[in-house]
Amino acid sequence: MLHTPYAIATKLNFNLQFIDRGMMQVALLSTVSLFGLLALTATEAFVPTSLHITSTSSNVLHPLKSHIRLYAKKNTRSTGGGGFGSSSSSATPPKGKKGRSTDLISVLNDDDDSKKDEKKFSRTFVKTDQEQLLNDLAAKSSRTIIGQAVSKSPDYASPDMDPFWSLLPSLISTKFPNANDTQLKRVAGMVEFSLGLRDNVLEDDVISNPWRPHDELHAYMPGLGPTEPFLDPDQLDLCRQLSEHYDVIRKEYESLYENRFDRKGNDRFQSVTSMNYESGWKTMVLFYNGHRIKDFPYHLCPVTTRILESVPLAGRIAGFNRQQPLSGIPNHSDGNNMWLTCQMGIKVPPPIVQTSVGEDTAVVSSSASPAYIRVGPEIRHWREGQCLLYDTTYEHETYNAHPTEERVVLHVDFFNTLKMTKLEIEVLQYIYDMREQFMKAEGVAKVGAQLL
């Protein structure tokens, strides 16, 4: 009877138990080798039953829905909004004995190291069969458009090549066996950009736009076409759903605000970056990197939660943002053109009324709220129950000019469903997921610190 690779995988108790950073990376690479084996396995009987790794950690075949910077560049600064960064403080991958790079094939071909690994992980395998399958998979995936993109890296096949990118073609070929090169063309462009080939990928309309600082881009997919600072929110069902349920969402916000302290007495409204804290902007995060927050009281906001989970949330945040009076977020750009941001006004300061005294006393007022956001050259004011949809690759800033009233919005970062295909979004989510797993295996303790 034929079985898909993932149907077979679910029958295996395949977890990880590691001792130190070096073992963690080797074990993750061995995990990926199982993906390769399963991808080439046609029958359940072929699965090597002697392969067994035990632990209490989560099953790596079902990674968390979270996203991570993947831009393979040394000393990448993380002031932007969740792009692609190196997997650690240095872009040079860990090496094995005698300077050997710990890529997948090297790990399996090293007789001395593999014998030690067998003892550490209490596992056995038929090396020649596994090695041949992995080589076949690597050779096949190297001919795909993703494999060709990886091979263009200046560090390709050198010790300086980040092992994650070497493995990526095999991973995508395994996870998405029916995806063809035409469907993955723009993803391949994103991979090239992430590997430092910016000049090959960046398009003229981005480079020439003075409002889109292309030097700050750290994640970029070519071919998404023209864009604007603000987009029509009526294009998205997300925006329509939020506006239609505004009254309920505001009540849910008020309930969350009343219960904003967790069991340890910590306020759930926190600064997610130092910039936000210094700018009077605090956030109650409902979703971080696309997945739920542990121990969060979702029972207090069921409608908000349901609506947010109806879209492919991106690698930043979804939650309620509070902007203090007479404060704002300074001018910046977020550097990822695959994501859009939606904000709906929850509590918006009323217009400011000013009285001028002269020969004739007059009352001067404005119908617009003093809380606003500028994206590129355009300024918009929030209104309660209405959504603003914008592209954060444009420079943008906010300000709440009201002297006493705070501004509250529901903030949602999500993949650009207006321009990207469903398959492209699924592949990008998978790449982010696996990148995070890889970073954790390398010993990056605080993966979330790389995100914003």
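Read the figures in this text as sums done on the coordinates, not as results from a lab. Note that this is a predicted model, so its numbers are computed, not measured. Cβ sites come from the backbone with ideal geometry, for glycine too, and all protein chains shown count toward neighbours.
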Exposure proxy ranking, count of Cβ atoms within 10 Å, fewest first, for Tyr288, Tyr156: Tyr156, Tyr288
Least to most buried among Glu436, Glu378 (fewest other Cβ within 10 Å first): Glu378, Glu436
FRET efficiency, Asn135 to Ile207 (Cβ-Cβ, R0 35 Å, nearest 0.05): 0.30
J(HN,Hα) series, the range 288-295, from Karplus relation 6.51 cos²θ - 1.76 cosθ + 1.60, nearest Hz, glycine and proline x: 10, 6, x, 10, 5, 9, 4, 6
Neighbour-count ranking [beta-carbon atoms within 10 angstrom, fewest first] of His396, His299, His332: His299, His332, His396
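Can you tally the lysine pairs in the range 230-418 where the Cα-Cα distance is under 21 Å and the two residues are eight or more apart, or on different chains?
Values: Lys251/Lys282; Lys251/Lys347; Lys264/Lys282; Lys264/Lys294; Lys282/Lys294; Lys282/Lys347.
Lysine pairs, 8 or more places apart or on different chains, close enough: 6.
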Ser327/Asn200 FRET efficiency (R0 41 Å; Cβ-Cβ; nearest 0.05): 0.50
Neighbourhood charge, 14 Å Cβ-Cβ cut-off, centred on Val285 and excluding it, Lys, Arg +1 and Asp, Glu -1: +3
Residue-wise HN-Hα coupling along the range 300-317, computed from phi with Karplus coefficients 6.51, -1.76, 1.60 (Hz; x: Gly, Pro): 7, 9, x, 6, 4, 4, 4, 5, 5, 7, 7, 10, x, 4, 9, x, 10, 10
